[in-house]
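Contents: one structure, followed by commentary.
Where a number appears in this text, it was derived from the coordinates with a stated rule and is not lab data. Note that this is a predicted model, so its numbers are computed, not measured. Neighbour counts run over all protein chains shown; Cβ positions are idealised from the backbone, glycine included.
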Amino acid sequence: MKIVLITGASSGIGEATALRLAEQGHRVVLGARRVERLDVLADKIRAAGGLVDTARLDVTDRADVAAFVDGAAARHGRVDVLVGNAGVMPLSRLDSGHVDEWDRMIDVNVRGLLHGIAASLPHFQRQRGGHFVTVASIGAHEVAPTAAVYCATKYAAWAVTEGLRQEVDPSIRVTTVSPGVVESELADTITEPGARELMRTYRANTIPASAIADAIAYAIGQPAGVDVNELIIRPARQR
């Protein structure tokens, strides 16, 4: 059994990953801002015999992330995996000037990831073992209209995670998972009408969040000497 921390766990990929890993016998420690959603998810996991803790978590708050990780380590004696999944995607054209939304994406998608690394890495180094899993995006590999800032944050997430992989001791594994179009609530945060319409067309073909959860479970489940560096998972029709 591993102690697996998941950020952004209240819906989508985070929720699906929590269900899958708990089903496999791991203890999942779930963090998100929407505690009422976490409570419903935790009840579902416990009803199926799984082990789960929950905490309100704002990944943009460095102290909040540190408390989330340190608290899990204090309760369970160690932390084995951090799934950095929290993310937002309010797409818009650059000439729309939605600066507040750009700032929010940078804060959640980049700073939130860095806060998780900063909080978890000392524990992994002390244990001489651990696993970082970053949920990036196909947007870490390509750019589309209305997605410039979002893709920039995901390129950054990819770069930070790849740099981390190269820097840490081999006892610490590092994986980037880059989903394509997945059934999720991410598109609900788009306020610009043109971007919302483009995303409706773009999301004509999707895969369930459980497909990404399966990929994360695969990476975590490999023997200690096997490091799955990156996985790209997208609908067969997404070209």
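Data for the structure
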| quantity | calculated |
| --- | --- |
| GNM result for the chain, Cα springs below 10 Å: residue of R126, R33, R173 fluctuating most strongly | R126 |
| Globularity index of the stretch 17-56, i.e. its alpha-carbon radius of gyration over 2.2 N^0.38 Å | 1.01 |
| nm² value of the averaged projected area, convex hull over the Cα atoms of the stretch 32-161 | 9.0 nm² |
| Whole-Å semi-axes of the stretch 3-233's equivalent ellipsoid (Cα gyration tensor) | 27, 19, 17 |
| Between 0 and 90°, nearest 10: helix 12-23 axis offset from the chain longest Cα axis | 20 degrees |
| On Cα atoms only, tilt of 62-76 relative to the major axis of the chain in degrees | 30 degrees |
| Taking I220, I207, I6 and counting other C-beta atoms within 10 Å, the order from fewest to most | I207, I220, I6 |
| Kirkwood-Stokes translational diffusion coefficient of the stretch 101-172, alpha-carbon pairs, 25 °C, 0.890 mPa s, µm²/s | 190 µm²/s |
| Helix-only CD estimate at 222 nm, as mean residue ellipticity for the chain, using -39500 (n - 2.57) per DSSP H run (n ≥ 4) | -14000 deg cm²/dmol |
| DSSP bridge orientation in the stretch 3-233 - percent antiparallel, rounded to nearest 5 | 0 percent |
| Helix 209-220 vs. the chain, principal-axis angle (Cα, 0 to 90°, nearest 10) | 40 degrees |
| Exposure proxy order (Cβ contacts within 10 Å, fewest to most) of S171, S11, S178 | S171, S11, S178 |
